[in-house]
Amino acid sequence: MKSFRAGYYIREGLSSIFTHGFMSFASVFIIIACLIIMGSFTLVAVNVNKIIGEFEDENVVLAYVNESYSVDEARALTSAIEAIPNVRTAQFVTRENAFDSFLSGVADKSRFADIDASVFRHRFIIYVDDIAGMARTQDDLLNTQGIVRVTANLIIARAFVTLRNIVSGVSAVIVAVLLVISLFIMMNTIKLATFERRDEIAIMKIVGAENSFIRWPFVFEGFILGLLGSLFAFIAQWGIYAVVTDALIPGGGVSFIQTIPFSQVSLPLCAIFIAIGFGVGVLGSSFAIRKYLKV
Amino acid sequence: MFKTYANGTKALKGASFDLEPGEFAFLVGPSGSGKSTIIKLLIGEVAPTDGKITVAGFDVSAIKPRRLPQLRRRVGVIFQDFRLIDKKTVYENVAFAMRAVGASNKQIRQRVPYVLDLVGLDMKSKAFPTELSGGEQQRVAVARALVNNPGLIVADEPTGNLDPARSLEILTLLQKINELQTTVLVVTHEKSLVDQLSRRVIAIDGGRIISDGTGGYYNYEEF
């Protein structure tokens, strides 16, 4: 591309944005609307997955140590337990701490005045990486020397796994459908903008313009519109997310719902928005113009 | 030239004529006679079904799509409906035909004012087409067709949307361009104008050339 031509393509692309102001506005607006709808649903899905993950974390495994083990012997099992696959952390609890914890949850402590901590076992509170593998982890724990009993709520674990799979699957399908619909709408808007200029393209062809001469300003225009749309959509998405998350935690207080901070998702979201905006703008205008070039 | 469209319409059934460099000719005929098809063939918009067409050294009947821009740069086309870009000024409408062929900014700055002066629009270079009269718009179209110095100018009913006075102005302008050794082919229905100018007239009907001669004998009633 000759340098003076590149300058012309850029100038022409930029000036077209303003001379065809309404269609430019419509294209950017549609890109913003589609990206926000898709982005919002993606953020909801990501947050729902996170909340399910937090509930999953509450579902711990308890491993009880052989009664004959001293505190030090029992504590020494920590490394062996943490070496088991899927075990994220193993928190050792002495029988005394377990007894105190039990009593703290009892209203009438006098009923247990005649018993002491010796009726409790030393134990480990175990957090797993993936509750889908909880049954296997339970078996591995039972095979560990010194562990005599393991309690894991496998039914709840299975329920969480099923719920997570459903939410993930449904989210993926909805996001994919929204993406396809958005791409379709955005491409059509750009096609419409190009259709409005088919006479202009025909004139260019008649005077002997090569296809690249006609195409480049359109592609550059599509690039700018796509980029503008994605950047405005990102900023708007940021604002919407802030408003919604503030509403979920009124007055800045603590809620049982902990949403993901926007900063944590901003980079991938921005990259996805820009990629879609760029793709739709550049490819949309390239495809739209193709049929008018065959004259 | 033979041309049969995909729907079976036989637009040209062996029409044949030559235009010498620097010649001025009218192509006349009734609606559906094949005039528009000839123009489309000359600029490579459609391909002939059979026959051979040579324009400015290009074998249009066998031209590759990638060479069409080169052909079209050698043929300036003027349409009845002007086909100007409304959102560009007069200067930009003409300059952009030069940009399309890769002319530099310096060449554009030199050539466009000269051509606008030739068609009498040097004072209106900053106006937009919608601010001009029909005659002025057609003169912009003439300037655009002329700016790349083509060997042939084809005018398709260039006076169809103009009053008689403006029509004569446009044809006078085309004659002036012809005097600069540019070949000019004008498709028209304007009997009075054709008779007035007394130039070569090629008459076409039913896809065949029915007469070809110089001035004075063109009889509109035949059509």
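Only the coordinates and a few stated rules stand behind these numbers; no lab work does. What you are looking at is a predicted structure, and each value in this text was computed from that prediction instead of being measured. Cβ atoms come from the backbone with ideal geometry, glycine included; neighbour counts cover every protein chain shown.
Given 20 °C and 1.002 mPa s, compute D for segment A:23-121 with the Stokes-Einstein relation, Rh being the Kirkwood radius over Cα pairs; round to the nearest whole µm²/s. Rounded to a whole number, D works out at 116 µm²/s. Its Cα gyration tensor gives segment B:32-101 an equivalent ellipsoid; the semi-axes, largest first and in whole Å, are 26, 16, 8. For segment A:133-270, the extents of the C-alpha atoms along the principal axes are 89, 41, 22 Å, listed from largest to smallest. Mean sequence separation of contacting Cα pairs (under 8 Å, at least six apart), scaled by the length of chain B, corresponds to a relative contact order of 30 percent.
Taking the C-alpha atoms only, the angle from helix B:90-99 to the longest principal axis of chain B is near 70 degrees.
Apply the a/c threshold of 1.5 to the C-alpha gyration tensor of segment B:14-165 and tell me whether it is rounded, prolate or oblate. Since a/c reaches 1.5 but b/c is at least a/b, the shape of segment B:14-165 is classed as oblate.
Using C-alpha pairs below 8 Å separated by at least 6 residues, the relative contact order for segment A:60-152 is 50 percent.
Report, in degrees rounded to the nearest 10, the 0 to 90 angle that the Cα long axis of helix B:134-146 makes with the longest principal axis of chain B. Once rounded, the angle reads 80 degrees. For chain A, the longest principal axis of the C-alpha atoms and the axis of helix A:3-19 are separated by about 80°. Treating each Cα of the protein assembly as shown as an identical point scatterer and summing with the Debye formula, the log10 of I(q)/I(0) at q = 0.11 Å⁻¹ comes to -1.00. Using the Cα gyration tensor of segment A:109-180, with a ≥ b ≥ c the square roots of its eigenvalues, what is the shape: rounded (a/c below 1.5), prolate (a/b larger than b/c) or oblate (neither)? Prolate shape, in that a/c is at least 1.5 and a/b is the bigger ratio.
First measure r as the distance between the Cβ atoms of A:ARG11 and A:ARG88, then evaluate 1/(1 + (r/R0)^6) with R0 = 51 Å and state the FRET efficiency to the nearest 0.05. Plugging the Cβ-Cβ distance into 1/(1 + (r/R0)^6) gives 0.30.
The alpha carbon centroids of segment A:159-228 and segment A:50-103 are separated by 54 Å. Take each residue of peptide B:89-97, count the partner chain Cβ atoms within 10 Å of its Cβ, and average: the result is 2. The calculated FRET efficiency for A:ASN66 paired with A:ALA135, based on their beta-carbon distance and R0 = 22 Å, is about 0.45. Projecting label points 7 angstrom from Cα along Cα→Cβ for B:SER133 and A:ASN143 puts them 10.0 nm apart. Calculated on C-alpha atoms, the gyration radius of chain A divided by its Kirkwood radius gives an Rg/Rh of 1.26. Figure legend: label point modelled 7 angstrom from the Cα of B:MET123 along Cα→Cβ; residues of segment B:137-159 with amide N under 18 Å from it are B:137-140.
Report summary: the helix-based calculation at 222 nm, which adds -39500 (n - 2.57) for every DSSP H run with n ≥ 4 and divides by the residues of chain A, gives -23500 deg cm²/dmol. The longest part of chain A holding none of the exposed loop trypsin sites (Lys or Arg not before Pro), meaning those outside H, G, I, E and B in DSSP with at most 11 other Cβ atoms within 10 Å, is A:3-293. Reported to the nearest whole Å, the Cα centre-to-centre distance from segment B:23-48 to segment B:119-136 is 28.
Model label points for A:PHE278 and A:LYS109, set 7 angstrom from Cα along the Cα-to-Cβ axis, are 6.5 nm apart. Here the convex hull built on the C-alpha positions of segment A:1-42 has a volume of 75 cubic angstrom per residue.
When the P(r) is computed for segment B:1-48, the part past 18 Å accounts for 30% of the Cα-Cα pairs. Can you pull the mean other chain C-beta count within 10 Å for peptide B:68-76? Mean inter-chain Cβ contacts per residue within 10 Å come to 4. Its relative contact order, with pairs defined as Cα atoms under 8 Å and 6+ residues apart, puts segment B:109-223 at 19 percent. Between B:ALA47, B:ALA155, B:ALA103, which gets the highest mean-square fluctuation from a Gaussian network model of chain B, Cα cutoff 10 Å? Among B:ALA47, B:ALA155, B:ALA103, the largest GNM mean-square fluctuation belongs to B:ALA103.
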